[in-house]
1. Apply the Kirkwood formula to chain A: the hydrodynamic radius equals the inverse of the mean of 1/r over all pairs of different alpha-carbon atoms; give it in Å with one decimal.
2. Quote the Stokes-Einstein diffusion coefficient, in whole µm² s⁻¹, for the stretch B:185-317, based on the Kirkwood radius over alpha carbon pairs, a temperature of 20 °C and a viscosity of 1.002 mPa s.
3. Which number gives the lysine pairs in the stretch B:331-442 that have C-alpha atoms under 21 Å apart and are eight or more places apart or on different chains?
4. What percentages make up the Cα-Cα pair-distance distribution of the stretch A:105-222 when the bins are 5 Å wide from 0?
5. How large is Rg/Rh for the stretch B:20-92, to two decimals, with Cα atoms and a Kirkwood Rh?
6. For the stretch A:11-100, compute Rh as the Kirkwood radius over C-alpha pairs and then the Stokes-Einstein diffusion coefficient at 20 °C and 1.002 mPa s; write the answer in µm²/s, rounded to an integer.
7. How do the peptides A:78-84, B:91-97, B:286-292 rank, highest first, by the average count of neighbouring beta carbon atoms within 10 Å per residue?
8. Which lysines, if any, have their Cα less than 19 Å from the Cα of B:Lys197, not counting same-chain residues under 8 positions apart?
Amino acid sequence: MIIQEKQQINWQPIIKQFEDVVGKNGVVQRREELLTYECDGLTSYRQRPAVVVLPRTTEQVAEAVKICDRNQIPWVARGAGTGLSGGALPVENCVLIVTALMKKILEIDLENQRVVVQPGVINNWVTQAVSGAGFYYAPDPSSQIVCSIGGNVAENSGGVHCLKYGVTTNHVLGLKLVLPDGSIVDVGSSVPEMPGYDITGLFVGSEGTLGIATEITLRILKTAESICVLLADFTNIEAAGASVSDIIGSGIIPAGMEIMDNLSINAVEDVVATGCYPRDAAAILLVEVDGLEVEVAANKKRIAEICTKNGARSITTANDLETRLKLWKGRKAAFAAAGHMSPDYYVQDGVIPRTQLSFVLQEIENLSQKYGYRIANVFHAGDGNLHPLILYDNSVPGALEKVEELGGDILKLCVKVGGSLSGEHGIGADKKCYMPEMFTEIDLETMQWVRQVFNPKGLANPGKIFPTPRTCGEAANAQSAKQFESVERF
Amino acid sequence: MQISEKPGINSDNLGGFDANHPPDPKLIDTCVHCGFCLSTCPSYRVIGKEMDSPRGRIYLMDAINEGEAPLGEGTVQHFDSCLGCLACVTTCPSGVQYDKLIAATRPQIERNYSRSLPDKLVRQLIFNLFPYPNRLRVLLAPLLIYQKLGFPKFFRATGLLKQISPRLGAMESILPNVTLKAFRDTLPEVIPAEGKKRYRVGVILGCVQRLFFSKVNDATVRVLTANGCEVVIPKSQGCCAALPEHQGQKEQAQALARQMIDSFEGTGVDFVIINAAGCGHTLKEYAHILEDDPNYREKAKEFAGKVKDAQEFLALVGLTTKLSPLTDGELTLVYQDACHLLHGQKISVQPRQLLRQIPGVKLREPIDAALCCGSAGVYNMLQPEVADELGQQKVDNLLNTGAELIASANPGCTLQISKHLQLQGKEVPIMHPMELLDYSIRGVKLYE
Ligand SMILES: Cc1cc2nc3c(=O)[nH]c(=O)nc-3n(C[C@H](O)[C@H](O)[C@H](O)COP(=O)(O)OP(=O)(O)OC[C@H]3O[C@@H](n4cnc5c(N)ncnc54)[C@H](O)[C@@H]3O)c2cc1C
Ligand code: SF4
Ligand code: SF4
């Protein structure tokens, strides 16, 4: 153990208390072991935690949080550590509370279409548990084979199927929470409609700054009678974009609608090698429609017509599960495949109004040339959620700084055309300095008041979401920072 | 990689890797830290800690390379907890070659880290015993007596061995029943093909397979000859080297590989057939194992090119025999994917395709088919707690399919699953696909 002199925390007795709660096996304290927890899916920020605690029950979480509260120690929740905005990035001298051992599905109630899970349950285990009975859990981030439901709740994660069915917040009915003072509360309920303030809605997307979710009641849906995936390829990306607008304009709401550009097509074909995506296409459009047999057949026909009208070179369709998965496989592997093309990649996550698509893509191309980094584009086209992947080499001195600047320019562009800083990956540590681009002083202050109610001592995931003068310099709003000095102690 | 702080005092002031093939930083750099490999990793699924996941282990290798972490107890235990199942290689969308990384790490540990005395002794016992069929045979006599006298019941009931050492307890608990047949090799050196000869193939018997599952070898040979293969079984063949290779005993592995290549020299076989998944994976790696040996490098490449898993081979050349049903009605089967077939050799379709050809067979698919059963070579002897949890889960998942019979193509998996079936008081038979094919070819019903 390394003990930071300046804070003079004597960790040994504190670790002993954690061990009393979760057992010796539930605490990680060796320096080299702690190293593996120093970053999440975004590796450009790293900070080793002082201790890692792995509870198994709500009560253990509450006890662990109480120990932090008593000793004024900041803590950060972590699920699978796949977040892309540094949400689970530890802060100096913090305790990391990891939910990996809270992986029980507590209750399955098919009649009422709900499932109660612990936060460490992996997204696609939920579907796996109910698919035999003809149900599924709709939000499907590309990371669904590994990300935790707790992380999904904290980030309000989305996925390719969220165009029609909505993101995580639309599928969370109720939560059991451990608040930063260690108290256990239940919010929401097991039915979709509740009077009073929507505290569940407030918590979803709060990125671990309001407390930690220890039981989550999810809504599950009946699997559609018929599902069809269409893959259209285009020789220019604008045509793909125009098809998206036309499809939505015609009144069809596909379950999902995704575009990948040439660079990303080639990246995934190199790795996944399904041979589904033509390597010479400027863009591919993947559309999934689901519903009743007749409805799917009719929509499939109309979508194919719209794509052809916009100049699609070829259209492939698939109804059976195996081929559908094959068509999706490349899209789901797009980010990680970028890692195969270049030593490092940096994912951005901005949202734009659909109508601005071709303008924004052109601007991104201009930025790419200006900065001299290749950018691969994959996006949830239906809701205008862009994921530009900037390819770079971290071992080149100064590269990361330039890439972050480029990423920042893309975000500013999104906000300028009337969009948003984040679609689904959250603000975390990565984008907090851009918050003033989108929100006024008063907006930010209001949000901080909300946080203050749940997290008055600022111990839960400090330094995330809101700009801090120390890390954001000019960008941070001096006045609100002053007002919330106590919040930003760490 | 930049690690946030200056190297501090290592908790056990030990050195790092030596210069002889440390894990390659270039391979490490292909990892983008996405975490996709976490939930398919059996050790992470049980232990739940980042250090016991592929992503965490790669992080530790990097830290040791960079001098940020020592090669000491705090890191070695997490390399030891890896089952070597290679599920992470299948899952990784960035194409990280974890198999190469862990294969480079294990010999480094053996050379540069001194294990505790009990750990050393157990390992020595295993490495000096299992790869040598003749030594194992010497042990069989007392084992037979031990089993006949009813000691196993005594030990299992009282948990005595387990209390003395969980590892010895684990070793005892997976021992299969010994039959007298295990005391000799009964197969001749050359067995002619039935009907028109299509191929001349070599067969490798495997150490554990030949002693404890000699009937699987017999079945394999019958299936091959029935399908037009002349079978050659050189008497001089020994262990394939899988065991020492997986645990980083590099020199021992190389010596065994050379012996194996020599024993097939001049036999003129078209293919070398193996029916045990773990052995097959290692045999196909010979070119890599002997890459630094100028005398064997080329021979190893040629040999490895001829190696085929029995099911892979039969699916490739096609069955020419007539197949009869195994039971009067339908037979529901679940096929257990051995990691060294599924992840190590990318073989998953072929065994299923062969089994489906047997009339009346209905194949079921279990949840987490790609997750290791916890056997993983000698893992269940070295890390019994993790192995037990995986074994239980595997048996639950297999039985939840409602299958009447389990088909398993690897002796390690078969031992592990049998043990956990027995612990759960379940009496579902478990057989090698080659045995099922053999029954079907000979028109013998299963329950006669
Ligand atoms: C290759 C790749 C693809 C991705 N694709 C998508 C995508 O398509 N859509 C998408 O939305 N995201 C995507 N992500 C981002 C990421 O997977 C999601 O944000 C996911 O929800 C994070 O889950 P996690 O378990 O890894 O959480 P972590 O990364 O461990 O944590 C994320 C945040 O949640 C907080 N947290 C974790 N558990 C709890 C809890 N129980 N209670 C309160 N707070 C908690 C943490 O403090 C942190 O702020 C992708 C990531 C990768 C690496
Ligand atoms: S899946 Fe591959 S790239 Fe992702 S963390 Fe695991 S090894 Fe690294
Ligand atoms: S080989 Fe198996 S046990 Fe080892 S890291 Fe990969 S998935 Fe985990």
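1. Numbers: mean 1/r = 0.0427 Å⁻¹.
Result for chain A, one decimal place: 23.4 Å.
2. On the way: Rh = 14.8 Å.
For these conditions, the coefficient is 145 µm²/s.
3. Pairs that pass both the separation and distance tests number 5.
4. The calculated distribution, bin by bin, is 2, 13, 24, 27, 21, 10, 3, 1, 0.
5. Working: Rg = 11.7 Å, Rh = 12.4 Å.
Reported Rg/Rh (Cα atoms, Kirkwood Rh): 0.94.
6. On the way: Rh = 12.9 Å.
Answer from the Stokes-Einstein relation: 166 µm²/s.
7. Details: A:78-84: 28.3, B:91-97: 21.7, B:286-292: 19.3.
Listed from highest to lowest mean packing, they are A:78-84, B:91-97, B:286-292.
8. Cα-Cα hits under 19 Å: B:Lys306, B:Lys308, B:Lys322.
The values are calculated or read from the model by the stated rules, or taken from the named source; none is laboratory data. Worth saying up front: this structure is predicted, and the values here are computed from it rather than measured. Here the Cβ is made from the backbone with ideal geometry for all residues, glycine too, and neighbour counts use every protein chain on show. With ligands, DNA and RNA removed, areas are computed over all heavy atoms of the protein, side chains included. Shrake-Rupley method; radii C 1.70, N 1.55, O 1.52, S 1.80 Å.
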